[in-house]
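What follows draws every value from the coordinates through simple rules; no lab data is involved. Computed from a prediction, not measured in an experiment: that's the story for all the values here. Here the Cβ is made from the backbone with ideal geometry for all residues, glycine too, and neighbour counts use every protein chain on show.
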Amino acid sequence: MKTVGVIGSGTMGNGIAHVFAQNGYEVNLIDIKQTALDKALATIAKNLDRQVSKGLISEDDKTASLKRISTHINVMTGVADCDLVVEAATERLDLKKKIFQEMDDSAPAHCILATNTSSISITELAASTKRPEKVIGMHFMNPVPVMKLVEIISGYSTSKEVTDTIEALSKKIGKVPAMANDYPGFIANRILMPMINEAIYTLFEGVGGVNEIDTVMKLGMAHPMGPLQLADFIGLDVCKAILDVLYDGFGNPKYAPCPLLVNMVNAGKLGIKTGEGFYDWSHGTKELVVSSSF
C-alpha cells in the first residue's frame, strides 16, 4: 500500500492525511473547494511545527511529510491511483453514500474503501458500491495526530483479508486498533453518547450545574475532561446526530436526545465551533455560560 486518498479536509480529514503522510504514504487530499484544501495544508503544517517544537520529529521530517500531500478538487482524479481511500466528510448518510458511489466508480479494483464515520452503518455504505467486501470503517479519534485509538468496523460483507489488512496498517501508522462489528454507534459512541446524554439530562433536571457535573467526572472518575466539555469539543450537533442513529437503530428510548440538547442544537449553540455550548469559547478558552435555559 503506497497511496492513500482522504476525502474531506476538515478537522478529521486533515488529521488523517497528516498521520499517513508522516508515516511515509503518498496522500491525495480531496475536497470540493481549493480554499478548504489550502486551509487544511496550513493546519497540517502548524501541527507538524508543534511536533518539531516538542522534539517529536525533525524539520526534515516535516518538510518530507508536506511534500507527500497533494490536493485535488475532483474525486475521480483524486482516487484514481489509490490503494486505500478514507472518506471523512460530514456525518450525513446521503452525502456519504454519494461519495462511496463516486469512489467505487473511480478507484482501482484493488482499492479498499474506508469511512471515518462515527456511527453510520458500514453495511449500508457498502451496499451502495460494487465492492462491499472491500468496504470498512476506520473511526479515528480527534485530534488524529495525537490520539492512539482507531476503531475498525467490519460491515456484513467485509472480507477477513480486508479487515486484517486495515488492522495491520493501523499499527504501522502508530495507532492501536480496536475491532468492532457493524451495529449502531459501534463501541466508542454506543458507550460514550449515552453518558454525555445522561450528563445533559442531569443538568436539564437541575441535579447539578455544568461545572459540578464535569468536576465530578474529572475528579471522581479520572476522566481527562468532563462530559459537557467533551460534548462542546465534539460538537453538540454531532452528539445529537449520533444519538439519533442509536435511537433509530435500536428503537430504545434510552438513546433519545435530551430536550436540552435538541434545543441547543436548534439554537445554533454547538460548542467550540460556534463559540458557545455548555461553555463560552468565544475567547479561545472555556468560561461558564450563564443561561436561564440551564
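A few points about this structure:
- Near residue 271, the amide H atoms lying under 5 Å from its own belong to 236, 276, 277; only residues 5 or more places off or on other chains count, and H is placed 1.01 Å from N.
- Counting beta carbons within 10 Å around each of 110, 223, 72 and listing the fewest first gives the order 110, 223, 72.
- Cross-link reach list, aspartates and glutamates versus residue 97, counting only Cα pairs under 15 Å and skipping chain neighbours closer than eight places: 87, 105, 124
- Residue 76-residue 282 pseudo-label distance in nm [points 7 Å out on the Cα-to-Cβ vector]: 4.7 nm
- By DSSP, the beta bridges lying fully in the chain are antiparallel in about 25 percent of cases.
- Take the Cβ atoms of residue 146 and residue 216, set R0 to 25 Å, and the FRET efficiency comes out at 0.45.
- Listed residues 157, 106, 53, most fluctuating in the chain (Gaussian network, C-alpha, under 10 Å): 53
- Put simply, when 73-86, 201-214, 54-67 are sorted by average Cβ atoms within 10 angstrom per residue, most first, you get 73-86, 201-214, 54-67.
- Inverse of mean 1/r across different Cα pairs in segment 189-288, Kirkwood, Å: 13.5 Å
- For segment 135-254: rounded, prolate or oblate by the Cα gyration tensor [a/c cutoff 1.5]: oblate
- Residue-wise HN-Hα couplings along segment 197-203, as the Karplus relation 6.51 cos²θ - 1.76 cosθ + 1.60 with θ = phi - 60° gives them from phi, are 4, 5, 4, 5, 4, 4, 6 Hz; Gly and Pro carry x.
- Length-normalised contact order of the chain in % [C-alpha pairs under 8 Å, at least 6 apart]: 12 percent
- Maximal additional length on extending the residue 250-residue 225 stretch stands at 6.2 nm, based on 0.36 nm per residue less the C-alpha distance.
- Signed unit charges on C-beta, dipole axis of the chain, positive-most listed residue 267, 215, 3: 3
- Applying the Karplus relation 6.51 cos²θ - 1.76 cosθ + 1.60 with θ = phi - 60° to segment 166-176 yields 3J(HN,Hα) values of 6, 4, 5, 4, 4, 5, 5, 8, x, 9, 9 Hz, where x marks Gly and Pro.
- Between helix 93-106 and the chain: long-axis angle, C-alpha atoms, 0 to 90°, nearest 10: 10 degrees
- With the convex hull drawn around the C-alpha atoms of segment 98-153, the volume per residue stands at 91 Å³.
- Taking 0.36 nm per residue of separation and subtracting the Cα-Cα distance, full extension of the segment from residue 124 to residue 2 would add 41.2 nm.
- Residue ranges 253-259, 18-24 sort as 18-24, 253-259 when ordered by packing (mean number of other C-beta atoms within 10 Å per residue, highest first).
- The radius of gyration of the Cα set in segment 116-204, together with its Dmax, comes out at 14.4, 47 angstrom.
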